[in-house]
1. For region 231-250, which positions are more than 13 Å from A155 (Cα to Cα) and in contact (Cβ under 8 Å) with a residue 24 or more places away in the chain?
2. Just to verify a result, which residue in region 236-258, among those that are buried (at least 19 other Cβ atoms within 10 Å of the Cβ) and not aliphatic (A, V, I, L, M), is nearest to the chain's Cα centre (by Cα)?
3. Working only within region 336-374, note down all residues that are more than 29 Å from W276 (Cα to Cα), among the polar types (S, T, N, Q) and assigned by TED's automatic domain parsing to the domain that holds T301.
4. Can you name the residue in region 1-22 that is of a type in the set (S, T, N, Q) and within 53 Å of the chain's Cα centre (by Cα) and, of all such residues, is farthest from A290 (Cα to Cα)?
5. Filter region 141-175 down to the residues that are farther than 23 Å from V195 by Cα, of a type in the set (V, I, T) and outside any loop (DSSP other than H, G, I, E, B) and list them by number.
6. Only residues that are within 14 Å of I55 (Cα to Cα) and surrounded by fewer than 21 Cβ atoms within 10 Å (Cβ to Cβ): list them for region 92-112, please.
7. State yes or no: is D157 modelled with pLDDT of 95 or more, of a type in the set (D, E) and either outside the structural domain of G247 (by TED's automatic domain parsing) or within 17 Å of G227 (Cα to Cα) (or both)?
8. For region 330-345, which positions are surrounded by fewer than 15 Cβ atoms within 10 Å (Cβ to Cβ) and either in a loop (DSSP other than H, G, I, E, B) or touching a residue at least 60 places away in the same chain (Cβ under 8 Å) (or both)?
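The values are calculated or read from the model by the stated rules, or taken from the named source; none is laboratory data. Just so we're clear, the structure is a prediction, and the values are computed from it rather than from any experiment. We place every Cβ from the backbone using ideal geometry, glycine too, and count neighbours over all the protein chains shown.
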Amino acid sequence: MANDFQGSIAQQFITFSTSVVTNVVPGENFYKIMLFMGDAEANASLVTAPAVGDIIEISASNYATLTKGPLLGYLGGFYSHNSITTVYVVIYDDALVTTGNFPAGAVTALTTQFNAYKDRAYFKLMTLHDNIPANSALAGLCKTDTLLSQCWISANDAQMIVDGSTTSMAGVCKLAGQDPVIVYHPDATKDPALVQLGLSLAVLNGTGTPVGNSMDYLATDAITPSGTAGANPTASMVTALTNANAGFFLTVGDGTGQVANKGGKTNLGNIAGAQWITQYINYVSAVRTANYLVQLNRFKTNATYQGILGIVQSYLSGFEQIGRLSDVKITAPAFNKLPASDGDTITVPNAWEAYYNDNVRKVVIQGTLYITQS
């Protein structure tokens with residue numbers, strides 16, 4: 001072939017222009033963990049002493065070399081069945097913290113780091129399990145930004161198994177109107193909430209993410225039952241913990257010795273998994289829509305409107321395919337039926353609906369045995 005492009009018709013009179021559009025894959029923060037740890041506390045848990053404001057990124061491959069002491073034990077339970085999830089450790093100033101105490105100055109210090117890093121991970125926990133005010137403070141912060149935060153608490157105080165207690169971890173948070181997910185285990189060296197999250201985030205489902213996975217009833221050998229001295233909880237314990245909407249571990253009963261967390265609810269009785277999915281859809285749809293609208297010529301037309309609805313539909317369909325949602329419907333009105341709005345605004349009332357399918361936790365099967373008498 002002749003090299004005749006220079007000076008040709010193709011070069012001088014034909015022009016093609018290609019726009020480069022950068023697509024985003026948002027939402028990774030919805031399957032990451034954030035642990036808040038005081039700087040003095042960190043000396044016993046991190047191999048290299050950090051400074052206030054530091055954020056340490058931990059993975060299955062490096063946690064054993066970066067951590068020691070209590071944190072090493074907590075993360076051992078988390079990573080026992082999980083090899084893919086990032087855990088961030090954020091260091092706040094705990095100079096004012098004493099045993100069982102978390103004064104206003106400590107809340108301010110925690111708030112500073114929370115606001116600095118809250119968009120990095122959806123699931124947020126304190127490493128001070130036995131400090132009820134500290135955990136309540138984090139739950140209060142998460143309450144202010146439910147889009148980006150769900151607070152999980154590992155409770156080990158004895159009041160948790162006192163039915164109706166107002167001084168337990170659950171009782172204090174409830175009185176404050178806070179809605180964390182609480183998982184109980186009496187052994188303060190263990191982190192039952194991290195064990196459960198490790199299981200829930202360990203596998204990518206059909207959406208390409210762990211979002212929507214079961215948040216309880218997953219078998220594990222990474223922790224013991226939540227009763228006294230590693231035994232199953234007694235009937236009175238089960239009643240107290242269930243009434244407090246707290247999760248707890250008990251044996252599966254299949255002879256393997258494995259346990260599973262019976263939980264799935266928040267402190268105020270909401271479904272933790274439904275909150276997770278709802279906020280994920282809200283977040284990723286917002287980011288993808290922003291990315292869509294900043295492309296060339298996204299005018300206020302039906303085409304643009306359908307493109308926005310298509311973004312929402314794509315995420316809903318993924319959860320429908322894995323069975324977490326059913327009867328998904330886009331219920332948005334036609335473009336010409338939308339309510340009047342400013343010239344550059346599209347307002348969509350009742351855009352979609354779906355049913356959330358929770359886990360099966362109780363089965364009752366009745367049968368009949370016929371005896372033929374001779």
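1. Filtering region 231-250 down to residues more than 13 Å from A155 (Cα to Cα) leaves 231-240, 242-243, 250.
Matches in region 231-250: P233, S236, M237, T239, A240, N243, L250.
2. In this case the residue turns out to be G247.
3. N336, S341
4. At the first step, the residues of region 1-22 found to be of a type in the set (S, T, N, Q) are 3, 6, 8, 11-12, 15, 17-19, 22.
Now restrict to residues that are within 53 Å of the chain's Cα centre (by Cα): 15, 17-19, 22.
Details: T15: 30, S17: 24, T18: 21, S19: 18, T22: 12 Å.
Taking the candidates together, the pick is T15.
5. V172 - this is the single residue of region 141-175 that is farther than 23 Å from V195 by Cα, of a type in the set (V, I, T) and outside any loop (DSSP other than H, G, I, E, B).
6. Our first condition is that a residue be within 14 Å of I55 (Cα to Cα); within region 92-112, this holds for 92-93, 110, 112.
D93, T112 - these are the residues of region 92-112 that are within 14 Å of I55 (Cα to Cα) and surrounded by fewer than 21 Cβ atoms within 10 Å (Cβ to Cβ).
7. Numbers: modelled with pLDDT of 95 or more: yes; of a type in the set (D, E): yes; either outside the structural domain of G247 (by TED's automatic domain parsing) or within 17 Å of G227 (Cα to Cα) (or both): yes.
Yes.
8. T331, P333, A334, P339, A340, S341, D342, G343, D344, T345
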